[in-house]
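Working notes, beginning with the structure itself.
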Amino acid sequence: KFHDPLDEAHEQLTDLYSLNGEQIAGEISAFRAYEREQLLAVLVILIVSSVVGALLAARLRRSIAAPLLALREAATEFGSDNLAHRVPFEGDDELGGVARAFNRMAAIVGEQRTALTETAESQRETLKSLESSEARKEESLSRLRATLESTADGILVVDKEGSIVDF
């Protein structure tokens, strides 16, 4: 078996020696034509794979990069206190699920913020009302005390148990 490849190479060399110049030139020409065909095939494969790569890159940009950029923009807007901003992308894949979850979260936070704002406004109004009532009570007590202190008659104020409250 060791001699078989050597024998084949010897036969090919013997065949080449038996060829004349025109035959050798024809063989070289045929080999060059074969090389050109192979080179052309490689170039076609490179061009096709480049086009496919460009198409895949565009698809990836549209299906991954664009939604991620939309999510980043929404998060930035949300962080800037724009709770009304929503993610415009809502696909059926994982990124679409994240976008829908973000939009739900933003809606809930917005609703809760609105409710808290309304509650705070209501509490401010209640506080104003209490402060106004307190001021009226203090004014009334002041008037009553002035009346009691300025009268010439003796007045005794007692509670239900008979204890003296004021005089």
- Note on the structure: Ranked output for segments 97-109, 41-53 by mean other Cβ atoms within 10 Å, highest leading, reads 97-109, 41-53
- Whole-Hz ³J(HN,Hα) from phi, Karplus 6.51 cos²θ - 1.76 cosθ + 1.60, for segment 81-94, glycine and proline x: 6, 9, 6, 8, 5, 10, 7, x, 8, 9, x, 9, 8, 4
- Given labels modelled 7 Å from the Cα in the Cβ direction, how far is it in nm from VAL165 to ASP92? 7.8 nm
- Task: Pop out the ³J(HN,Hα) list for segment 114-124 in order, Karplus 6.51 cos²θ - 1.76 cosθ + 1.60 with θ = phi - 60°, rounded to Hz; leave Gly and Pro as x.
- Result: 4, 4, 5, 5, 5, 5, 4, 5, 4, 5, 4
- Each label point is 7 Å from the Cα along the Cα-to-Cβ direction; what then is the distance between the points at GLN112 and ILE45, in nm? 5.9 nm
- Message: Quick one: 3J(HN,Hα) in Hz for segment 137-149, Karplus 6.51/-1.76/1.60 with θ = phi - 60°, rounded, Gly and Pro as x.
- Response: 5, 4, 5, 5, 5, 5, 5, 4, 4, 4, 5, 4, 6
- Can you tell me the dipole magnitude for segment 108-158 around its Cα centre, using point charges on the Cβ only (Lys, Arg +1; Asp, Glu -1), in Debye to the nearest 20? 40 debye
- Item | Sequence of LYS160, LYS137 when ordered by accessible area, the most exposed leading, probe 1.4 angstrom | LYS160, LYS137
- Helix axis angle, 3-18 relative to the chain longest principal axis, alpha carbon, degrees: 60 degrees
- Message: How big is segment 8-167 along each principal axis, measuring the range of its Cα positions in Å and listing the largest first?
- Response: 155, 26, 24
- Item | Estimated dipole of the chain in Debye, rounded to 20 [Cβ of Lys and Arg +1, of Asp and Glu -1, Cα centre] | 620 debye
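The values are calculated or read from the model by the stated rules, or taken from the named source; none is laboratory data. This structure is a prediction, so every number in the text was calculated from the model and none was measured. Note that each Cβ is placed from the backbone with ideal geometry, even for glycine, and that neighbours are counted across all protein chains shown. What goes into the accessible areas is simple: the full protein's heavy atoms, side chains included, and nothing from ligands, DNA or RNA. Shrake-Rupley method; radii C 1.70, N 1.55, O 1.52, S 1.80 Å.
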